[in-house]
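The values are calculated or read from the model by the stated rules, or taken from the named source; none is laboratory data. Nothing here was measured: the structure is a model prediction, and the numbers come from that model. Positions of Cβ are backbone-derived with ideal geometry, glycine not excepted, and every protein chain shown enters the neighbour counts. Just so you know, the surface numbers come from the protein's heavy atoms only, side chains and all, with ligands and any DNA or RNA stripped out. Shrake-Rupley method; radii C 1.70, N 1.55, O 1.52, S 1.80 Å.
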Amino acid sequence: MTERKLTEEEIELIYDFCYERNVSEYEIQAELVDHLASAIEENWKENPEISFFDNLFEIYRQFGTDGFQTLTKSKKRAFQKQYNYLFLKFLGSFFQLPRIIFTFAFSFFLFAIIRHFDAREPVMFSIQGFSLALYLWYILFYFPRRLTIKVKKEQQFLFVNYINTLKSLSSLLITCSINTVNIGFRHFKVPNTVWFDFSLSFTVVMLFIVGYAFMFYMPKLMKQHFTKQFPQFVKS
Amino acid sequence: MGTNQLYKGSLSTIILKLLGEKGRMYGYQITQEVKAISEGEYVITEGALYPMLHKLEAQGLLTVEIEMTGNRMRKYYSITNNGKKEVVDRMTEMESFIRNMQSLLNPKIELA
């Protein structure tokens, strides 16, 4: 007698089963479906008479009282941790050779301009204008064309959700930075000291590095990883 | 207390060692392999296996490949170079732990 295998329709039913139990991201669903399907087919070797649904529910029971919740949470946590680590590693590289030269060279360059022309306010407002223009170009043109992951199927992916989170974080970063500069220069007396000017220059450079990581580096890296792992879902 | 409780703290070492020896494996295969090797003594639950696999992947000790197998996707885990180094360290720790446990639980009685 040939071994009983799951049909395409039954595989789809397992995907639905996972979705109904709050597993909406494809990366988690795919692993669960394969596990459940392998266990179902293994059970059929010993007990071929058991129905598909009885078999499925029996295996689901083995996941314990909270069902797929522990697994889903652990996957999301591990995914975030993995990419947070890559983000921090990228930031850390700006404090190591050779990038540390760039970090301090730009900080000193900005500091020199501010001190030489005694123009803290015009410099900061020019940077603000440049950032805003850059951000508009990014949101309207760059992100939709180069960083959006177009998927063939109506499906949620952890990768896509995380890229969208980064996009929101970059908006937050721009808004907070602009408001801080506005409030700081309009409502407070800014000290005219060498240390303050250097700290200001260094902070601006750091904000640009963090912004670059949120807006370009991380989404690009994630898109590459997604394309490598799920090439069949990428719409060209 | 079930025997599984005694294995709990060693799950990551068991997974890393297994992947180091067998090459790439998928989740269900790992549970079956461990069950077979331990002759049914240790059954890894799904609720313990997958969080651990995800954790090891996030730590860079495992890497994944996703492939179509028949009519479904399958995620294979394999050990990275960092993972291989980690196995060596953990095996040394484990051997030392077993030696200490043996000394603690089976003290040699010296006759005067």
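The angle between the Cα long axis of helix A:194-212 and the longest principal axis of the Cα atoms of chain A comes to about 30 degrees, rounded to the nearest 10. Database remark: amide H of A:Phe68 closer than 5 angstrom to no amide H (H placed geometrically; neighbours at sequence offset of 5 or more, or on other chains; Pro and chain starts carry no H).
Average accessible surface for segment A:47-175: 61 Å² per residue, computed with a 1.4 Å probe over protein heavy atoms with every protein chain in place.
Residues of segment A:46-67 whose accessible area, computed with a 1.4 Å probe over protein heavy atoms, drops by at least 30 Å² once all protein chains are present relative to their chain alone are A:Gln62, A:Phe63. Averaged over peptide A:30-40, the number of partner chain Cβ atoms lying within 10 Å of each residue's Cβ comes to 6.
Given R₀ = 41 Å, what would the calculated FRET efficiency be for A:Leu134 paired with A:Arg77, taking r from the Cβ atoms and rounding to 0.05? Given R0 = 41 Å and the Cβ-Cβ separation, E is 0.80.
For the peptide B:72-78, the mean number of other protein chain Cβ atoms found within 10 angstrom of a residue's Cβ is 5.
A plus B alone minus the pair: what accessible area, both sides summed, probe 1.4 Å, in Å² to 100?
Working: alone 14870 and 7900 Å², together 20540 Å².
What A and B bury together is about 2200 Å².
Orientation-averaged projection of the protein assembly as shown equals 28.5 nm² [convex hull of Cα atoms, one quarter of hull surface area]. Modelled spin labels at B:Gln32 and A:Leu91, positioned 7 Å past Cα toward Cβ, are 4.5 nm from each other.
Each principal axis of the Cα cloud of segment A:1-72 was taken in turn, and the coordinate range along them, longest first, works out to 37, 25, 15 Å.
If you take the square roots of the eigenvalues of the alpha-carbon gyration tensor of segment A:51-153 and sort them as a ≥ b ≥ c, do you get rounded (a/c under 1.5), prolate (a/b over b/c) or oblate? Since a/c reaches 1.5 and a/b is larger than b/c, the shape of segment A:51-153 is classed as prolate.
Per-residue 3J(HN,Hα) values for segment A:173-182, derived from phi via the Karplus relation 6.51 cos²θ - 1.76 cosθ + 1.60 with θ = phi - 60°, read 4, 5, 4, 5, 5, 4, 5, 4, 4, 4 Hz in sequence order (x marks Gly and Pro).
Under 5 Å from the amide H of B:Leu62 lie the amide H atoms of B:Glu57, B:Thr80, each residue being 5 or more positions distant or on a separate chain, with H modelled from the backbone and absent for Pro and chain starts.
Against the longest alpha carbon principal axis of chain B, how many degrees, from 0 to 90 and to the nearest 10, is the axis of helix B:46-58 turned? With both axes taken from Cα atoms, the answer is about 80 degrees. With angles folded into 0 to 90 degrees, how steeply does helix B:27-37 sit against the dominant principal axis of chain B? Use alpha carbons for both and round to 10. Helix B:27-37 and the main axis of chain B meet at about 30 degrees.
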